[in-house]
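Take a look at the structure set out below.
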Amino acid sequence: QVQLVEAGGGLVQPGGALRRSCAASRNICSIYAMGWYRQAPGKQRELVAHISSAGSTLYLDSVKGRFTISRDNAKNTVYLQMNSLKPEDTAVYYCNAARASIAIWGQGTQVTVSS
């Protein structure tokens, strides 16, 4: 069974940056769509950034221009570079891999943006 292991969360001040990574236990990044979701307290989980197997990307409107999703197929890893972070970006962030009816989730990591 494929596992996704996340790294790179934590506490950062407003305006700061963090880089999240999500490593897959098998070579799936080139054939699965990969995405980052987040869930803030009392809110539904939402898609933050998505990269297709072909490399096309899409972003939540509120993070466009600040967040960048990328993929390194050789390392079976997907990244989320988060710049100009705002307090409203505070949430638990989850990595996701999807193909057809298959959806795999990472363990989730807290990102807190606070001074």
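The values are calculated or read from the model by the stated rules, or taken from the named source; none is laboratory data. Because the structure is predicted, anything quoted here is derived from the model rather than measured. Quick reminder, even Gly has a Cβ in these numbers, built from the backbone with ideal geometry, and neighbours come from all protein chains shown. Please note that ligands, DNA and RNA were not included when accessible areas were found on the heavy atoms of the full protein model with its side chains. Shrake-Rupley method; radii C 1.70, N 1.55, O 1.52, S 1.80 Å.
Worth a mention:
- Taking the Cα centre of the chain as reference, the dipole from Cβ charges on Lys and Arg (+1) and Asp and Glu (-1) amounts to some 120 debye.
- Accessible area of the chain belonging to carbon and sulfur atoms, whole % at 1.4 Å probe: 48 percent
- Of the residues D89, D61, D72, the one with the largest accessible area comes first in the ranking D61, D72, D89, computed with a 1.4 Å probe on protein heavy atoms.
- With 0.36 nm allotted per residue and the present C-alpha distance subtracted, the Q1-Q81 stretch has 26.1 nm of extension available.
- In nm, spacing of pseudo-spin labels at S101 and K64 (7 Å Cα→C-beta vector): 3.5 nm
- The residues of the chain expose on average 52 square angstrom of accessible surface per residue, using a 1.4 Å probe on protein heavy atoms.
- Between K43 and S56, full extension at 0.36 nm per residue minus the direct alpha carbon distance yields a gain of 1.9 nm.
- Only Cα pairs under 8 Å and 6+ residues apart enter the sum, and on that basis the relative contact order of the chain stands at 37 percent.
- Each residue, Q110 and A17, gets one label point 7 Å from its Cα in the Cβ direction; the gap between the two is 2.5 nm.
- Kirkwood Rh in Å, taken over all unlike Cα pairs in region 1-96: 13.6 Å
- Put simply, the C-alpha atoms of region 46-115 give a gyration tensor, and the ellipsoid matching it has half-axes of 22, 14, 12 Å, longest first.
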